[in-house]
Each structure stands twice: as structure tokens, then as C-alpha cells.
1. What is the number of the single condition among (1) at pLDDT 95 or above; (2) over 30 Å from Phe158 (Cα atoms); (3) among the charged types (D, E, K, R) that Lys285 does not meet?
2. List pairs: first in segment 100-127 and within 24 Å of Met237 (Cβ to Cβ) and in the same structural domain as Leu177 (by TED's automatic domain parsing), second charged (D, E, K, R) and surrounded by fewer than 19 Cβ atoms within 10 Å (Cβ to Cβ), Cβ under 6 Å, 6+ apart or cross-chain?
3. Working only within segment 51-80, note down all residues that are charged (D, E, K, R), more than 28 Å from Lys381 (Cα to Cα) and either in the same structural domain as Ala255 (by TED's automatic domain parsing) or without any contact (Cβ under 8 Å) to a residue 12 or more places away in the chain (or both).
4. Have a look at Ile432, Ile395 and point out the one that is in contact (Cβ under 8 Å) with a residue 12 or more places away in the chain and outside any helix (DSSP H, G or I).
5. Report yes if Arg291 is among the basic types (Lys, Arg), surrounded by fewer than 22 Cβ atoms within 10 Å (Cβ to Cβ), farther than 21 Å from Leu409 by Cβ and outside the structural domain of Ala149 (by TED's automatic domain parsing), otherwise no.
6. Of all the residues that make up segment 1-32, how many are assigned to a loop (DSSP other than H, G, I, E, B) and under 32 Å from the mean Cα position of the chain (by Cα)?
7. So which of Asp359, Asp320 is farther than 14 Å from Pro383 by Cβ and more than 22 Å from the chain's Cα centre (by Cα)?
8. Among the residues of segment 250-283, count how many are surrounded by fewer than 22 Cβ atoms within 10 Å (Cβ to Cβ), assigned to a helix (DSSP H, G or I) and either among the charged types (D, E, K, R) or assigned by TED's automatic domain parsing to the domain that holds Leu390 (or both).
Amino acid sequence: MQMQSERLQEYIDRMSRDLVRDYSIPAEMYENQDIKRGLRNNDGTGVLVGISKVGSVQGYYMVDGQRVPMPGKLYYRGISVEDIVDAHQQAGTFGYEEVAYLLLLGKLPTAEELAQFNQILAHARQMPAAFTEDMILKAPSRNIMNQLARSVLALYSFDDNADDASPENILRQSIELIARFPLIAANALMAKRHYFEGNSLYLHNPLPELSVAENLLRMTRADKSYTAQEAHLLDLMLILHAEHSSNNSTFVCRAISSSGTDTYSAIAGAVGSLKGPLHGGANAKVLQMFRTIRDTVGATPTDEALGACLDDLLDGKTGDRSGKLYGLGHAVYTMSDPRAIVIKKYAAALAREKGRLDDLELMERVEELGIQKIMARKHQKLPMCANVDLYSGLIYNMLDLPEDLYTPLFATARIAGWCANRIEELVTCRRIMRPAYRAVTTHGQYIPMEQRTPHIQ
């Protein structure tokens, strides 16, 4: 087996010497032919590919073809997410379930409708017989997002109407997935800890009377304990991540859905997209970056020391050597990301409770100084802001949640938005997405085998 592996590696090393060169396309070819890389216009705005009633993101307005910055706004079915969060935080209630109802059904529920929806979610949490044992415990994964995607695909086999694309059936599938995502993520975490990290294995069943946030904390802690403040802050995070218009993972979900495939395939694709470090995986990247900063300059560095540390990160000398400051900048938001503002508004109390005010203050300094440095390097005139990822990883850390769970928590929240967008795509669009790529290869002749020369010596 080792010899086979060595032979394969030697072959790959030899064959891939010119791989990047052979695949590369000069940037000017995109510019000269007005190709929208990343479905972005040259001014940074997104290419319009559809119309939606589900979510709305506003970070600028256009005047004479120019972007004019504005404070960021995020709406769920036309309702400001800030208003939703503030209402539940002030009332001391949990809001994610209400948000899931709003996104799926397009209206705010009455008290009776919400109570019934919560009962349906509690019932839908029940996994198929032996599913956890066979799909999670017997086949654990080092990455929970991959386990989540695999488990979603596996649920297809347990659905007698898996391919039924009627709105009624997709709504049923959506409710089941919203209910089951927290359980799959929690159990996948426990399996990973046990099989790959040598920790004790424990699985806590969710309780029907508890919210998604409460159950998540309960299922991921050995003693099942949590404070009300912890649960309400996690609920806030779930609300803020539930939907965000035409982001990468939602676009993937809609693109796959446009082919007419089943719900499980579409959602598994969205999970795969969200895993990426430029998307949902950024929250864990932020925390890793923050550790590098704190280990280098301490909790209360001078502006000079912090600035030098950020320069090293931007130069690719430290951290993951990507040259990125994760959590800063956004494709749509300019002056502010409303989600980041909301998090900072309510995070101070938890930071005070956990003795982590110095970390929160340091992150705020990273935000301020990091934005200055990025804008100076890029000669950027439009304002730039921190995005939700800058603070979400720190909040999850203060909640004593393992890093492996950060992006799965994002998925657990976003499943409501994905499902709503999938329903809308199937109901309203009814046309497969088929973007075009312009071929730039030169035409050649087929050369007989005996006349060919080796391209790798």
C-alpha cells in the first residue's frame, strides 16, 4: 500500500509541474472582454440574475452609475433584522423559530401559529431509526461540515417522496431539515471528539420544550448546563445568520434547484459552499487570526505594535500566510454590516460575564486599524466595514463552543434561508441556470499517437 501511495505521489508531482501554467488565463482577457469574474461588475456590484422576496441586503445606492455608500440594512421578508433581534432581546424570548417561519411562509406567525410550528419542529427532530448510529457514529468525519453534507444526502434514502418537487412536499422536507440540522451537527461533533480526539462519547437528546439555541448548548455540553444569557446570545447569532439574500451558498442552492433535482442534493451543495473559508468558514479563520494577533502583541498592545502585526498578516508573513485580514470587508456592505453592529451591541454583557472584555476591545481595535490598512493598500475610496464574521467567532468562543462547530452553526441557521430560496426558485423561475464561459483556446489538429512528443521530460 505504501509503495502504491509513493508511486501515485511521484506521478502526481511529475505531471503537475506545469499544471497552474496550463490552466492560467491572463487577467486582462477578462477585462478586455468584459467578463464578470465572480459574477461581479467592475465596480464591485453583483450581476443581477434574479428577483426575490425572501431576503434583502442593502449597503449602497446607485447615482449616475456610481455606488453611494449607506449604512447597511438586512431585511427578512421586508422586516429589518435589527427590529426582530431587538424585540426578542427586550422581551427575553427566543426568535430563531419565528424567523424560520417568516422566511418559509412569508409572514410573521401569531402566538398560536408559532406554538404549533414549534411543536411540528420538535416532532420533526426525530431521526430515522439507527440513522445516528449508522451514518454518524460508524462513519465519523474529521470535518463536521462534510459530515453534515453526507448526512443530508443520506436522508434522501429515508424519504419515501424524496423526488416530489411540489411546494407542499418541499415545505415538509424543509421543516424536517431545519429541525434536524442542530441534532446532526451536535452528534457529528461528539463523534469527532470521541473517535479522533479520544474524548468520552455522550449524546444528549433534544428536549421538545426548548428552543434551537437552548438545545444546541444542551447537546454540546457534558453537563447539559447553560445560562439564559448564553442561550439568548446564541439565538441572536442564529437569527442574524438565517438569511442573506444572494450569497454564494444560497446561489449554489438555487442553481442546483433550477435543474429540478431533489431537496437533499440542493442543500448538500449549499453546505459544501458554506464550508469554504471565503464564506461560512471565515468565522473560524477570524478566531485563528485573532489568536495569532493576541499571541504576538498581547491583550493591550500599542497602536504601533498592533499595526506591525497586522502588516505582517497582510504581507503573508504570519497567520495562515494568505495575506488576508479575515472579517473585514464585504461585497455589498460599505459603511456598516448591520449584523456586526447588532452583535457588538449585545456582546458586551457576555464578555463582561466571561471576563473577556479585553478580547472584545482588542477585536474592535483590529477592526478600526485593519480597515485603515486595507483601504490604504488598495487605494480604496469607498468606505469599508467589518462583516459579521469578525465578531461571530469570538462570540462562539466566549460561549465555550468548539471551533469545529462554528461553521456548522452557520449552516444550522442558514438552512431556513436556503429552503425558502429553493422554494422560491422552483415556484417562480422554472428555468435551469446556464451561465456562459467564453472559450479562449486556439484550435489545433488531432495528432496521431506515433507523431506526438512527450510534454513532460
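The values are calculated or read from the model by the stated rules, or taken from the named source; none is laboratory data. Here the structure is a predicted model, which means the values were calculated and not measured. With ideal geometry, Cβ positions are generated from the backbone for all residues, glycine too; neighbour counts draw on all protein chains shown.
1. Failed condition: (1).
2. Leu102/Arg77; Gly106/Arg77
3. Answer for segment 51-80, where residues must be charged (D, E, K, R), more than 28 Å from Lys381 (Cα to Cα) and either in the same structural domain as Ala255 (by TED's automatic domain parsing) or without any contact (Cβ under 8 Å) to a residue 12 or more places away in the chain (or both): just Arg77.
4. Details: Ile395 fails: outside any helix (DSSP H, G or I).
None of the other options fit; the residue is Ile432.
5. Details: among the basic types (Lys, Arg): yes; surrounded by fewer than 22 Cβ atoms within 10 Å (Cβ to Cβ): yes; farther than 21 Å from Leu409 by Cβ: no; outside the structural domain of Ala149 (by TED's automatic domain parsing): yes.
In short, no.
6. Taking segment 1-32 first, the residues assigned to a loop (DSSP other than H, G, I, E, B) are 1, 16-18, 24-26.
Filter once more, so that each one left must be under 32 Å from the mean Cα position of the chain (by Cα): 16, 24-26.
Qualifying residue count for the region: 4.
7. Details: Asp320 fails: more than 22 Å from the chain's Cα centre (by Cα).
Unique residue meeting the criteria: Asp359.
8. 0
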